[in-house]
Each structure stands twice: as structure tokens, then as C-alpha cells.
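Below is one structure; the comments refer to it alone.
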Amino acid sequence: MVIEQAPLEDELGDVLEKALRLSGLSADALAERASVSIEQIRDALDYRYDELAPAALDRLAAALGLSRSGLRAHAAGRYPLPIISGLPFCLHPLRSPHGLGTANAYLVTDCHGGEGVLFDTGPSPVRLRRMWPAGVKRLASVFLTHAETEHVGALGEVRRLFAPASVFAPPGAGVPGATGLADGARIECAGYTIETLATPGHAEAHNAYLVRVARAPQATPLLIAGDLLFAGSIGGGYFCARRQREQVARILRDLPPATVIAPGHGPLTTLEHERAHNPFATLASPGAPGA
Ligand SMILES: [Fe+2]
């Protein structure tokens with residue numbers, strides 16, 4: 001199945017803003033450490049970086065612990081995306097406009113109109129109904145990554161349309177009637193094995209889910225990443241920057257390279273692609289903060 005891609009969630013200004021937050025540096029301290037003027041830093045954070053020379057970008061990358069190639073790719077507007085293939089099931093991204101990008105829910109099906117499993121719901125019941133694949137009439141379960149409106153706003157409608165689908169969420173997410181899934185919890189459902197990775201950082205109650213087909217456990221897995229890892233960036237460490245660093249590093253280090261990453265915002269990618277290109281891939285290196 002050919003999957004239509006979404007625009008990147010983050011560009012250079014967002015990457016720098018998130019890296020600043022993770023580093024704990026002020027913009028002034030970064031300017032001094034990277035020998036880049038504070039005006040240029042402020043401009044870059046405000047998406048004006050035409051004047052930033054490659055050497056200055058490289059110094060910013062070094063001062064923030066980011067990869068040079070990842071930062072240069074963003075600055076050139078040329079962050080690459082991989083071809084997505086090899087999943088042993090059908091993946092339907094359900095994308096809603098959010099800011100300049102998209103908020104994504106994902107529906108996994110067997111490609112033959114059978115039962116689906118939904119990950120997040122997107123913000124809007126109307127939008128969800130409009131995007132829903134006509135052939136998918138039944139839903140086994142809904143798994144939520146975190147309880148922000150752009151990810152769970154249509155949960156009431158999903159419950160109404162697909163009762164008695166069970167709802168799973170991170171413990172403490174505050175979703176009434178949901179079953180809490182802690183790190184390592186495994187659910188067998190509709191022929192899939194869904195493993196929980198507790199990934200606090202963007203939010204305190206935040207899970208990622210690793211999805212495999214139960215009868216083909218060696219086939220390419222899918223990571224529903226929520227706001228942990230994006231193509232070309234990461235989710236903001238708004239609850240705890242240190243824990244966001246640790247969880248991004250854990251995912252980049254520990255999952256199989258072929259894993260397809262389905263982020264809460266922006267396009268699909270793969271683990272090996274992000275290891276090679278993501279400016280934050282340095283977090284997984286030995287000695288990196290959070291490694
Ligand atoms: Fe989000």
C-alpha cells in the first residue's frame with residue numbers, strides 16, 4: 001500500500017528551540033558558546049536563518065550536542081524521508097491539520113476489511129468520520145499515547161461508534177474508563193502483539209507502542225511514537241527534558257533498525273533513517289546526555 005506522506009513537523013527554528021530546552025542553556029549562553037551573535041540566534045529561533053553560514057551552523061550543532069548533518073539538512077530545507085515498506089499489515093495514517101503541520105492518529109488493519117486497532121484518535125469527531133476507511137467496520141481496541149486534545153479529542157466519538165472497543169492509555173493520563181498500561185505491558189489483540197514502552201518526557205503520562213503481527217513476530221515492527229520522536233526532530237520535553245532525552249536515546253538504541261516510526265506529528269519514518277539523519281540522533285551515542 002502506498003502511504004501519502006505529511007509535511008515535516010519541525011524545521012530548523014523548532015529543532016534549535018527544542019535542543020535549547022534539552023541543553024538547559026539560555027540563548028545568550030548558546031550565542032557565547034557557539035560564537036554566533038544573539039541576534040542571529042533569535043532570528044533562527046524565529047525561522048529566519050538564511051544568513052547563518054554553514055560554519056556557524058556547525059558550531060551551533062556542537063554547542064547543542066546535535067548532529068551537524070541533521071542541522072545542515074534542516075537549514076537547507078532538505079531533510080530526507082525514507083520510503084516506507086515491509087509492514088506485515090495495512091497502516092492508515094489519519095491526519096488532521098494542526099498548526100502548520102498535522103496531528104496523526106493511526107489505524108492498523110489486516111487489509112481485508114477485518115477488525116482494526118486504533119492508536120490515538122485525532123482532535124475532531126467530524127474529521128475522524130471523514131477519514132475513516134469505509135471497509136473497516138469493527139474496532140478491537142484504542143491505544144492512546146497521551147491525553148492532549150489533538151491526539152484524543154475524538155475518543156468519545158470512537159467509543160460511540162465502536163462500542164465495546166477497549167481503551168488503553170498510560171497510567172495517570174486521566175482518561176475515564178481506560179485501562180492503564182505500564183512499561184513492558186503486552187496486549188494480544190485482533191492478531192497483533194502490542195508492547196508498551198512508557199516514555200515520559202513530553203508529558204508525564206506518555207506511552208509509545210510497538211506493534212507486531214502475532215503470527216509473524218520477526219516481521220517489520222511499527223512504533224507508534226506519539227510525541228516522543230518525529231521525522232527529523234523530537235517532541236518537546238515539556239514535562240521533563242532529562243526524561244525526554246533518556247527515552248529518545250532508549251528508542252534510538254534499542255529497537256530494530258527496520259522499525260517503522262509512526263509519530264504523533266509529521267511524516268512516517270524508520271528507526272535506521274532517523275539514526276542516520278535526525279539532528280537528535282547524537283542522544284543515542286555513548287557519553288551523550290541521557291545515554
Ligand atoms: Fe502533540
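The values are calculated or read from the model by the stated rules, or taken from the named source; none is laboratory data. All values reported here derive from a predicted model rather than from experimental measurement. Note that each Cβ is placed from the backbone with ideal geometry, even for glycine, and that neighbours are counted across all protein chains shown.
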> Out of segment 200-234, which residues are within 23 Å of VAL108 (Cα to Cα), within 13 Å of the ligand (Cβ to nearest atom) and part of a loop (DSSP other than H, G, I, E, B)?
Replying inline: HIS206, ASP227, LEU228
> If we scan segment 148-163, do we find a residue that is among the β-branched types (Val, Ile, Thr), within 14 Å of the ligand (Cβ to nearest atom) and farther than 23 Å from GLU274 by Cα?
Replying inline: yes
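Give me a count of the residues in segment 103-124 that are in contact (Cβ under 8 Å) with a residue 60 or more places away in the chain, part of a loop (DSSP other than H, G, I, E, B) and crowded, with 21+ Cβ neighbours inside 10 Å.
First pass over segment 103-124, keeping only residues in contact (Cβ under 8 Å) with a residue 60 or more places away in the chain: 103-104, 106, 108, 110-111, 114-117, 119-120.
Pick out the ones that are also part of a loop (DSSP other than H, G, I, E, B) and you get 110-111, 114-115, 120.
Pick out the ones that are also crowded, with 21+ Cβ neighbours inside 10 Å and you get 120.
Number of matching residues: 1.
What do you reckon, is ALA169 within 16 Å of the ligand (Cβ to nearest atom), modelled with pLDDT of 95 or more and either in contact with a Leu (Cβ under 7 Å, 6 or more places away or on another chain) or closer than 18 Å to GLU246 by Cβ (or both)?
Spelling it out, ALA169 is indeed within 16 Å of the ligand (Cβ to nearest atom), modelled with pLDDT of 95 or more and either in contact with a Leu (Cβ under 7 Å, 6 or more places away or on another chain) or closer than 18 Å to GLU246 by Cβ (or both).
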>> Name the single residue that is nearest to TYR209 (Cα to Cα) among those in segment 125-158 being among the polar types (S, T, N, Q) and without any contact (Cβ under 8 Å) to a residue 60 or more places away in the chain.
In response: SER141
> Is one or more of the residues making up segment 235-242 aromatic (Phe, Trp, Tyr) and either more than 15 Å from the ligand (Cβ to nearest atom) or not in a strand (DSSP E or B) (or both)?
Replying inline: yes
>> Can you pull out every residue in segment 206-220 that is surrounded by 21 or more Cβ atoms within 10 Å (Cβ to Cβ) and either touching a Lys or Arg at 6+ places or on another chain (Cβ under 9 Å) or more than 23 Å from LEU87 (Cβ to Cβ) (or both)?
In response: HIS206
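What about GLY177, is it in a loop (DSSP other than H, G, I, E, B), of a type outside the set (A, V, I, L, M) and under 22 Å from the mean Cα position of the chain (by Cα)? Show your work before the answer.
Values: in a loop (DSSP other than H, G, I, E, B): yes; of a type outside the set (A, V, I, L, M): yes; under 22 Å from the mean Cα position of the chain (by Cα): no.
No.
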> Of all residues in segment 81-102, how many are touching a Ser or Thr at 6+ places or on another chain (Cβ under 6 Å), away from the ligand (no atom under 16 Å from the Cβ) and part of a strand (DSSP E or B)?
Replying inline: 1
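In segment 31-80, how many are aliphatic (A, V, I, L, M), part of a helix (DSSP H, G or I), out of contact with any Phe, Trp or Tyr (no Cβ under 7 Å at 6 or more places or on another chain) and under 27 Å from ARG242 (Cβ atoms)? Outline the logic, then answer.
First, the residues of segment 31-80 that are aliphatic (A, V, I, L, M): 31, 34, 36, 38, 41, 44-45, 52-53, 55-57, 60-64, 66, 71, 73, 75-76.
So of that shortlist, the ones also part of a helix (DSSP H, G or I) come out as 31, 34, 38, 41, 44-45, 55-57, 60-64, 71, 73, 75.
Keeping just the survivors that are out of contact with any Phe, Trp or Tyr (no Cβ under 7 Å at 6 or more places or on another chain) gives 31, 34, 38, 41, 44-45, 55-57, 60-64, 71.
Remaining after also requiring under 27 Å from ARG242 (Cβ atoms): 31, 34, 38, 41, 44-45, 57, 60-64, 71.
Number of matching residues: 13.
Out of everything in segment 10-30 that is of a type in the set (D, E, K, R) and in a loop (DSSP other than H, G, I, E, B), what residue ends up being farthest from GLN247 (Cα to Cα)? Give the steps one after another, and end with the answer.
Residues of segment 10-30 that are of a type in the set (D, E, K, R), as a first pass: 10-11, 14, 17-18, 21, 28.
Those still in the list that are in a loop (DSSP other than H, G, I, E, B) too: 10-11.
Values: ASP10: 19, GLU11: 22 Å.
Restricting to residues being of a type in the set (D, E, K, R) and in a loop (DSSP other than H, G, I, E, B), the top hit is GLU11.
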>> The conditions are (1) assigned to a loop (DSSP other than H, G, I, E, B); (2) modelled with pLDDT of 95 or more; (3) farther than 25 Å from ASP183 by Cβ, and ARG159 fails exactly one of them. Which is it?
In response: (1)
> (1) in a helix (DSSP H, G or I); (2) away from the ligand (no atom under 16 Å from the Cβ); (3) touching a strand residue (DSSP E or B) at 6+ places or on another chain (Cβ under 9 Å): which one isn't true of ARG127, the others all being true?
Replying inline: (2)
>> Being surrounded by 19 or more Cβ atoms within 10 Å (Cβ to Cβ), within 14 Å of VAL117 (Cα to Cα) and within 21 Å of the chain's Cα centre (by Cα) is true for just one of LEU197, LEU155, LEU139. Which residue is that?
In response: LEU155
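Would you pick out the residues in segment 130-144 that are in a loop (DSSP other than H, G, I, E, B) and aromatic (Phe, Trp, Tyr)?
TRP132
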> Got a sec? Which of LEU22, LEU100, LEU91, LEU66 is at pLDDT below 95 and surrounded by 18 or more Cβ atoms within 10 Å (Cβ to Cβ)?
Replying inline: LEU22
